[in-house]
Amino acid sequence: MPGSDATSRVVLGGLRRLVHQLWDIEVSGLEHVPKDGAALICPNHLSFCDSIFVPAVLPRRLWAIGKAEYMDSWKTKHLFPAMGMIPVDRSGGRKSMVALDAAADVLDAGHLFLIYPEGTRSRSRNLHKGRTGAARLAMRCGVPIIPVGHTGTLDVQPPGQFTMTPRKKVTIHIGAPLYVADFGAITDPRTHRRMIDAVMFEIAALSGQSYVDTYAGKKDAAHDDTGTRPTAPDQAVTVTPTRPTGRANGMPQPADETATSTQAPIPTRPRVREAAQGD
Amino acid sequence: MSATDRHTDVNLASIIEAHSADATALIEGQQSITYGELRSTVARCRAALSARGIGVGCRVVLAAGNEIGFVVTALAALGLGAQVAPINPYSPAPEARRKIESLNADLVVLGEAATSLTDDDRYDVDVTSTGELIAGHDSQQAQSPIVPVESADVAFLLSTSGVSGVAKVAMLTHGGMAWVQRSLIGDGHQQLLPTDISLGVLPVAHILGLNIAVLSTLRVGGAVVLQRRFNPEESLDLIRHHGVTMVVGAPPMWHQWAIGDGPPDAMNTVRFARSGAAALRPAAVERLKQRYGIQVAQGYGLTETSAVVTTGRGIDAPVTSVGRPLPDVALVLVDDEGNPVDVGDVGEVVIRTPGLFAGYLDDDAATEIVLTDDGWLWTGDLGVVDDRGFLYLVDRMKNIVIVSGFNVYPAEVEDVIMQFPGVRAVVVDGKAHGLTGETVTAHVAGEIDIDELDAWVRTQLSTYKCPSEYQLVAEVPQTPTGKTLRHGSPR
């Protein structure tokens, strides 16, 4: 795996010391990180530098998925593999499946793996709805999820700033692990949502953020950072292939009658919804 | 509208025409009638109704139970192009009267089961009985042939269960009802056959009893064993005695059979075991399989869709799912803005189906809330779909309790509480809370210690889902089909 070599270990040790010197770091809950064996580390995501601080405070190496573009820059070429990034191109649905497969490989090998359940940085400072990918991964590999709530990273690197401001305080609270078996049948999709909501609840308690039940960066949903969405390129909206009847206003006609449609026959919401919710 | 849009065979009354005269159609107690006898009885009844002025567009209220008289009268009225409004025959008279008035009936027909309702001159409308109609007008023997109708013509008027507010009346069409019947009959190795025998114990005033148990079976030429009221032992006896092959039930029925000790061979002839109207617990499905060797398939649908929209029958559906949509049904899960959600995310179930109703009677406002011009039905039910396309129901949208921004589904909390020994029934709700927006509350019926229940629930659910308040109640009201009646607090 990238970063396992001796050079990387030295680089990583040096990085940890540097981080602790430049910033006022407070950590709690380290006892929740298993001494060995696989687990998913799931923190809130507010700043780019989250990916520096979270790995820096953990007693074990933390792996994550990084954009392949990072490999093009000499500045990061050695840094990120040392920190455990696996270069995977994540520009599309099929590729996010590859990313999840790569993550599963890491977990199956007994390592810690980082996923931001929000999928992308929160622009609102609130904690957003978690994507079920982390829960699916936890269930697939049979590993616990360790929630992490941090504060202060936005002061170090606010949105739009490419440098990290030193001597700021960063607090990282690590929560107790959540185990997949507690949430229901693995094959039931409601179980994934149940588990990830429980994770987000814990993260909110640890970070002190307010929770909003909408995805972060909705418009950019197709290009989220961590590829945790369980999507495939041919994401079916209707469960059985069906052709819009054409009597609907503005409904797209798919070119291929029999294939599952990527363009949803989108119903238009009735106007008068708020008036009465009575049955 | 050209005359060719109207067809006799589109009229639901025609479903009994094609079958062999000697084949058994209906069984009620000791009485049984063949398709030949049924056709002539229905014809006699048509003449009798016609003599009373019933014709195209008229409305007949039918207060009858699961009895031969109901089927005959309904088919006769439909055959004249009239609309049939089945109502609960066990209603107290004042309630029945209110219903009849709101339906603007042209005629009220009382079945044998309607003993609390009498031919009472307080009705402002002509009243008769199924017995009278069936006796008919032998002297006339006027030919009243089956009237051609269009698919979109209204056939039945059914009350929706109205669990939380004013009950509405759904207008169901000949075409919509027929489409569901044909879908149910199916094709290939899982189809319903003329040799099939159904147990008709779900009330005929309810869409499942009417369209699935009775009309679908009649369409294929099978036999329906009619039973007025469900009783675990007696119903099981009927199944065994008549060799019933299809049982359509609501969860309370299946639950009673699951916990009962009926003879294990009682359901040996059952080919199709179906459950609908509410969720059936996996534990019950498992017990039924262990005890009787049957696999109960769950399905999902609404009165507004003429019954079935999704079914687990014949497709090895996971036991907690309601299966996949029927062919020609479009089903989408959408978020608050109406955009489709990701696979695996919860959304409101929105449906397009050939079985769609024609709106609510005299209530355009209520219709517009659920039915849009482009033909989509917004069910208000929340569901989620897995990678293989199976649908799982979560709860009703309006039941959601929002605690600190997190969604809590009462159905999920109720499921957990029901597992605690001693709990008979529970309804989970929410109430306003200054800090968190809302908190979860629970009304529990049973012999239990609240503190013990609370402690146990906290080991099963995330903190925000745990009720902050429990109340012991004598009982939790439910509809006969197993839906919890929630308090009318607008949410």
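The values are calculated or read from the model by the stated rules, or taken from the named source; none is laboratory data. The shown structure was predicted, so the numbers you read here are calculated from the model rather than taken from an experiment. A quick note on method: Cβ atoms are made from the backbone with ideal geometry, for glycine too, and the neighbour counts reach across all protein chains shown.
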(message) Looking only at residues that are within 30 Å of A:Ile196 (Cα to Cα) and at the interface with chain A (Cβ under 7 Å from one of its Cβ atoms) in the stretch B:324-333, which one is farthest from the chain's Cα centre (by Cα)?
(response) B:Val332
(message) Quick check on the stretch A:211-242: of everything there that is in a loop (DSSP other than H, G, I, E, B) and modelled with pLDDT of 85 or more, which residue is surrounded by the most Cβ atoms within 10 Å (Cβ to Cβ)?
(response) A:Ala216
(request) Please tell me if B:Asp328 is part of a loop (DSSP other than H, G, I, E, B) and free of Cβ contacts under 8 Å to residues at least 12 places away in the same chain. (result) no
(request) Within the stretch B:355-376, work out how many residues are more than 8 Å from chain A (Cβ to nearest Cβ) and crowded, with 21+ Cβ neighbours inside 10 Å. (result) 5
(message) Which numbered condition in (1) at pLDDT below 95; (2) touching an Asp or Glu at 6+ places or on another chain (Cβ under 8 Å) is the only one that B:Ala317 fails?
(response) (2)
(request) Evaluate the following for B:Thr379: is it closer than 26 Å to B:Ile315 by Cα, polar (S, T, N, Q) and in a strand (DSSP E or B)? (result) yes
(message) Could you check the stretch B:335-349 and list, in sequence order, the residues that are more than 7 Å from chain A (Cβ to nearest Cβ) and under 25 Å from the mean Cα position of the chain (by Cα)?
(response) B:Gly347, B:Glu348, B:Val349
(message) Of all residues being at the interface with another protein chain (Cβ under 8 Å from one of its Cβ atoms) and in contact with a Phe, Trp or Tyr (Cβ under 8 Å, 6 or more places away or on another chain) in the stretch B:384-407, which is surrounded by the most Cβ atoms within 10 Å (Cβ to Cβ)? Just the residue, please.
(response) B:Val385
(message) Looking only at the stretch B:328-354, count every residue that is of a type in the set (S, T, N, Q) and surrounded by 21 or more Cβ atoms within 10 Å (Cβ to Cβ) and tell me the total.
(response) 1
(message) Going residue by residue through the stretch B:288-296, is there one that turns out to be surrounded by 21 or more Cβ atoms within 10 Å (Cβ to Cβ) and either among the polar types (S, T, N, Q) or within 14 Å of chain A (Cβ to nearest Cβ) (or both)?
(response) no
(message) If the requirement is being out of contact with any Leu (no Cβ under 8 Å at 6 or more places or on another chain), farther than 15 Å from B:Glu28 by Cα and modelled with pLDDT of 95 or more, which of these qualifies: B:Arg271, B:Arg281, B:Arg219?
(response) B:Arg219
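Take the conditions over 30 Å from A:Arg136 (Cα atoms), touching a residue at least 12 places away in the same chain (Cβ under 8 Å) and facing chain A (nearest Cβ under 10 Å) and apply them to B:Ala250. Does it pass? If you could, list the steps in order and put the result at the bottom.
Numbers: over 30 Å from A:Arg136 (Cα atoms): yes; touching a residue at least 12 places away in the same chain (Cβ under 8 Å): yes; facing chain A (nearest Cβ under 10 Å): no.
When the stated conditions are applied, B:Ala250 does not pass them.
Residue-wise test of (1) under 28 Å from B:Thr160 (Cα atoms); (2) in contact with a His (Cβ under 9 Å, 6 or more places away or on another chain); (3) in the same structural domain as B:Gly175 (by TED's automatic domain parsing).
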| site | (1), (2), (3) |
| --- | --- |
| B:Asn11 | yes, yes, yes |
| B:Ala18 | no, no, yes |
| B:Leu26 | yes, no, yes |
| B:Leu62 | yes, no, yes |
| B:Ala74 | yes, no, yes |
| B:Tyr90 | yes, no, yes |
(message) Testing B:Gly276 on (1) among the small types (Gly, Ala, Ser); (2) surrounded by fewer than 21 Cβ atoms within 10 Å (Cβ to Cβ); (3) touching a residue at least 60 places away in the same chain (Cβ under 8 Å), one condition comes back false. Which one is that?
(response) (2)
(request) Confirm whether B:Leu158 is at pLDDT 95 or above, in a strand (DSSP E or B) and out of contact with any His (no Cβ under 7 Å at 6 or more places or on another chain). (result) yes
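Filter the stretch A:131-154 down to the residues that are of a type outside the set (A, V, I, L, M, F, W, C) and at pLDDT below 95 and list them by number.
A:Arg131, A:Thr132, A:Gly133, A:Arg136, A:Arg140, A:Gly142
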(message) Tell me which strands (runs of 3 or more DSSP E) are completely within the stretch A:1-93 and hold 2 or more residues being modelled with pLDDT under 85 and within 27 Å of A:Lys169 (Cα to Cα), or say none if there are none.
(response) A:62-67
(message) For the stretch B:352-405: of the residues being closer than 21 Å to B:Val154 by Cα, of a type in the set (A, V, I, L, M) and at pLDDT below 90, which is farthest from the chain's Cα centre (by Cα)?
(response) B:Ala365
(message) Go through the stretch B:469-484 and report how many residues are surrounded by 15 or more Cβ atoms within 10 Å (Cβ to Cβ) and not β-branched (Val, Ile, Thr).
(response) 5
(request) Just give me the residues in the stretch B:68-114 being among the hydrophobic types (A, V, I, L, M, F, W, C) and within 16 Å of B:Arg39 (Cβ to Cβ), in sequence order. (result) B:Ile68, B:Val71, B:Val72, B:Ala74, B:Leu75, B:Ala76, B:Ala77, B:Leu78, B:Leu80
(request) Scan the stretch B:21-39 residue by residue and report those that are under 22 Å from B:His174 (Cα atoms) and not aromatic (Phe, Trp, Tyr). (result) B:Ala25, B:Leu26, B:Leu38, B:Arg39
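In this structure, does B:Leu326 turn out to be aliphatic (A, V, I, L, M), at pLDDT 90 or above and closer than 30 Å to B:Glu286 by Cβ? Write out each step before concluding.
Values: aliphatic (A, V, I, L, M): yes; at pLDDT 90 or above: no; closer than 30 Å to B:Glu286 by Cβ: yes.
No; evaluated as a whole, the condition is false for this residue.
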(message) If B:Thr379 satisfies all but one of (1) out of contact with any Ser or Thr (no Cβ under 6 Å at 6 or more places or on another chain); (2) at the interface with chain A (Cβ under 9 Å from one of its Cβ atoms), what's the number of the condition it fails?
(response) (2)
(request) Could you list all residues from the stretch B:49-64 that are closer than 26 Å to B:Ser91 by Cβ and surrounded by fewer than 23 Cβ atoms within 10 Å (Cβ to Cβ)? (result) B:Arg52, B:Gly53, B:Gly57, B:Cys58, B:Arg59
